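Worksheet: one structure, shown below.
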Amino acid sequence: MSSFLQRKVDFVRHNEEVRELVQAFNEGTARRAPCVVGGSITNYFLNPELNTEGLEFQQFFEDIDVQIRAQLEYQKWQRFNLLCDREMGVPEDGWYLATDLQNSFDASWFGCKVIYQQGCLPDTVPMITQDPAQVYDLEDPDPLRDGLIGRSVEFFDAMVEKCPSLEYMGVPVRPPIRLLGEGTDGPFEAAVKIRGSEVMLDMLTEPDCFHALMDFITRNLINRIRTLKEYRWSRIPDSPDVGKYRQPIFYMADDSVAMLSIEHYRDYVLPYHRRIVEEFSEPGGLYMHLCGNATRLFPCIAEELGALGFDTGFPVDHGALRRALGPDVLIVGGPTVMLLKDGTPESIDAEVRRISESGALEGGKFQFIAANNLAPQTPIENTEAFWESVKRWAAFPVNAEMRS
């Protein structure tokens with residue numbers, strides 16, 4: 001097993017086929033579901049075949065030069081080794097950087113301490129561990145300076161300054177098109193990070209404190225997102241979204257809602273989701289990422305917030321989810337990360353076939369991914385088999401008459 005693709009790929013032909021598939025998918029005329037193999041920077045740091053210098057996440061979080069170099073090396077590996085329905089090879093319009101501080105940026109910004117452990121993603125520790133009424137003593141964080149958001153702004157500024165003179169593999173390196181913190185990992189996720197698991201008890205035993213915390217988080221998230229957008233517009237005046245706080249497509253996550261019943265989600269979290277969505281999403285523009293066993297909440301989110309798509313984790317019954325959501329909602333999912341990492345090409349093929357025949361593809365609104373994040377050191381042979389299996393089995397029934 002290897003971390004590097006062995007077959008030769010005609011990137012020009014591949015990219016043209018991908019463009020045609022993506023266009024057809026967006027127009028509702030695709031013959032099959034697309035397959036995208038993604039993954040975060042963890043695939044670089046936790047794979048010694050890629051991270052040959054043994055760089056640590058703390059360096060990535062604190063050193064702008066490590067941040068830029070690791071991102072470029074990881075993008076190169078992705079584009080030359082992860083065979084899927086995405087553009088491959090050297091990018092025609094240049095490489096793009098991001099301010100990547102993973103999933104601790106919200107909690108850090110509110111004041112939680114960031115901890116670094118060797119071989120692990122950085123995390124935070126709760127800061128309200130005793131009296132839930134401590135929420136009333138919290139001070140509003142600075143939208144541009146506090147926690148990892150402050151680091152994100154520093155990195156963004158540095159990238160904007162460095163990129164005009166930066167090239168990689170002979171093509172330009174572009175600055176970030178948005179700032180980390182212009183979105184959120186979710187208000188309830190932040191509440192769990194700030195308060196710990198005790199927040200679940202607060203919902204029932206200290207509801208005033210719980211709602212005070214959720215209001216504090218939501219109010220500040222809205223202010224931060226607006227402020228960061230304005231800051232980016234001041235630095236990059238030709239940004240295509242200048243002056244537009246509400247977007248045609250708005251992405252949001254809130255993984256911790258997987259712990260809630262539908263009733264508790266409606267009563268305790270939905271009102272805060274609604275405030276954020278109404279502030280930043282055009283009607284019908286919400287796409288939601290939810291890890292874990294959260295699919296019971298999807299119909300409620302679709303009905304109440306107008307979500308048009310869900311990026312799933314696992315466990316997921318894709319066929320049942322399609323029947324619950326109907327044919328017009330995008331479902332993004334696929335085999336589990338464990339199967340892709342530790343399975344065989346044959347077992348991956350069987351799972352892709354099972355999902356494809358479950359009814360999940362009805363309506364033509366399904367995209368296969370390595371649900372929901374590629375695991376470090378997943379064999380390239382398995383990701384290659386995944387793509388080939390999707391091409392073999394994932395034909396859209398709605399377009400059956402187009403196939404001959």
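The values are calculated or read from the model by the stated rules, or taken from the named source; none is laboratory data. Just so you know, these numbers come straight off a predicted model, no measurement behind them. Every residue, glycine as well, gets a Cβ built from its backbone with ideal geometry; the counts of neighbours run over all protein chains shown. Side chains are part of the model used for accessible areas, which takes the heavy atoms of the whole protein and leaves out ligands, DNA and RNA. Shrake-Rupley method; radii C 1.70, N 1.55, O 1.52, S 1.80 Å.
Structure notes:
- Accessible area in square angstrom per residue, the range 11-96, 1.4 angstrom probe: 44
- Separation of alpha-carbon centers, the range 287-313 and the range 53-110, rounded to whole Å: 27
- A dipole drawn for the range 178-226 from +1 and -1 charges on Cβ atoms has a positive end, and of 210, 192, 179 the residue lying farthest that way is 179.
- Entry note, the chain: relative contact order of 20 percent, from Cα contacts under 8 Å with a spacing of 6+ residues.
- Relative contact order (percent, whole number), the range 15-102, Cα cutoff 8 Å, 6+ residue spacing: 29
- For the chain, size of Cβ-based charge dipole, Lys and Arg +1, Asp and Glu -1, in debye: 1020
- Sequence ranges 360-366, 307-313, 206-212, ranked by mean other-Cβ count within 10 angstrom, highest first: 360-366, 307-313, 206-212
- Rounded FRET efficiency, nearest 0.05, which uses the C-beta distance separating residue 134 from residue 8 and R0 of 51 Å: 0.25
- Annotation: per residue accessible area for the range 142-277 equals 44 Å², rounded to a whole number [probe 1.4 Å, protein chains only].
- For the range 138-178 versus the range 351-388, the gap between their alpha-carbon centres in whole angstrom: 33
- Cα-centred dipole magnitude for the range 241-385, charges only on beta-carbon of K, R (+1) and D, E (-1), debye, nearest 20: 240
- Label point distance in nm, residue 23-residue 58, each placed 7 Å from Cα along Cα→Cβ: 5.1
- When the range 1-123 is described by a simple charge dipole with +1 on each Lys and Arg Cβ and -1 on each Asp and Glu Cβ, the residue from 118, 37, 58 located farthest towards its positive end is 37.
- Among the listed options [x] 22.5; [y] 21.7; [z] 23.2, the one matching Kirkwood radius over Cα pairs in Å as calculated from these coordinates is [x].
- Label-to-label distance, residue 47 versus residue 92, with points set 7 angstrom from Cα along the beta-carbon direction: 2.6 nm.
- To put it simply, the accessible area of the chain at a 1.4 Å probe is 50 percent carbon and sulfur.
- Cross-link pairs exceeding 31 Å between alpha carbons, from the set 162/391; 76/229; 113/229; 244/365; 162/244; 229/391: 162/391; 229/391.
- For the range 64-176: relative contact order, % (alpha-carbon pairs under 8 angstrom, 6 or more apart): 31
- Value at 222 nm in deg cm²/dmol, rounded to 500, when DSSP H runs of n ≥ 4 in the chain each add -39,500 (n - 2.57): -13500 deg cm²/dmol
- Per-residue 3J(HN,Hα) values for the range 375-385, derived from phi via the Karplus relation 6.51 cos²θ - 1.76 cosθ + 1.60 with θ = phi - 60°, read 7, x, 6, 5, x, 4, 4, 6, 5, 5, 5 Hz in sequence order (x marks Gly and Pro).
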